[in-house]
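The values are calculated or read from the model by the stated rules, or taken from the named source; none is laboratory data. Model, not experiment: these values are computed from the prediction. All Cβ positions, glycine included, derive from the backbone under ideal geometry; neighbour counts span all protein chains shown. Note: accessible area is taken over every heavy atom of the protein model, side chains too, but ligands, DNA and RNA are not part of it. Shrake-Rupley method; radii C 1.70, N 1.55, O 1.52, S 1.80 Å.
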Amino acid sequence: MANESKQRILLVEDEADLRNTLKLNLKEQGYKVSTAGNGFEGLEKAREKTPDLIILDLMLPGMDGLSLMRALRQDSDVPVLMLTARTSEMDKIVGLETGADDYLTKPFSLGELLARVRALLRRAERTTVRDVMTSGGITLDLVSRRAMAGDEPLNLSPKEFSLLAELMRHERAVLSRDLLLTRVWGYDYMGDTRTVDVHIRWLREKIEQDPSRPMLLQTVRGIGYRFDGSGTNDESE
Ligand code: CA
């Protein structure tokens, strides 16, 4: 069903060999693929071709992958799979913080890349087509803006609802306070990121079994927050 109208992928990668190999293989899988060899061209094509998914190399000439992401995220929610040659944890977190949905460290296998691509496109399809999100026992109806915890209605303020929806929409991705502030409160909002912390605390009191040991709304120290409906928390607070 997904491939009936071809899904469009933009591949931004400066290594010509890798770019050509990936393009060939993605086309073989039935995707419509456009490519860019540097960051500026990548950003231009992302805006012009409105792809369903972007595969983005971190290290690019001109404008690097992170700068591209930041520019892109001002007006686009397109799923981004980040490719990085650097393996340190910091790079992974920075990649997610800027709003990448997933990442792969080079070298990776083709099978692994295709699996991630399929997963991201499926997830994006679900969130755009469906008006209801459910995870970790929490259900949000985005049309009526009603929230439930199990069978119990949740009484959320409009900002609490929007904040929770933003985190659930990007389940398991770490979203920074700045990003959440921008997405939920808007660019013009003059408050600071403590606003986010306060609303997270209120949300925890409403949705966590034990608000002092949050399982769903997890803090990622020094970075921000993530929603994890699996209810496991490896981070020590
Ligand atoms: Ca590169």
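What the table below lists for this structure:
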item	result
Qualifying helices (runs of 4 or more DSSP H) (wholly inside the stretch 1-87; at least 1 residues being open to solvent by less than 10 Å² (accessible area, probe 1.4 Å), among the aromatic types (Phe, Trp, Tyr) and assigned by TED's automatic domain parsing to the domain that holds GLU171)	none
In the stretch 135-166, residue surrounded by the most Cβ atoms within 10 Å (Cβ to Cβ) [restricted to those that are of a type in the set (Ser, Thr, Tyr) and out of contact with any helix residue (DSSP H, G or I) (no Cβ under 9 Å at 6 or more places or on another chain)]	THR139
From LEU72, LEU53, LEU66, LEU18, residue being within 15 Å of the ligand (Cβ to nearest atom), within 21 Å of the chain's Cα centre (by Cα) and either more than 16 Å from LEU121 (Cα to Cα) or of a type outside the set (Asp, Glu) (or both)	LEU66
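Table: residues versus (1) of a type in the set (Lys, Arg); (2) modelled with pLDDT of 90 or more; (3) within 14 Å of the ligand (Cβ to nearest atom); (4) in contact with a strand residue (DSSP E or B) (Cβ under 7 Å, 6 or more places away or on another chain).
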site	(1), (2), (3), (4)
LYS45	yes, yes, no, yes
VAL78	no, no, no, yes
ARG86	yes, no, yes, no
VAL94	no, no, no, no
ALA100	no, no, no, yes
ALA115	no, yes, no, no
MET133	no, no, no, yes
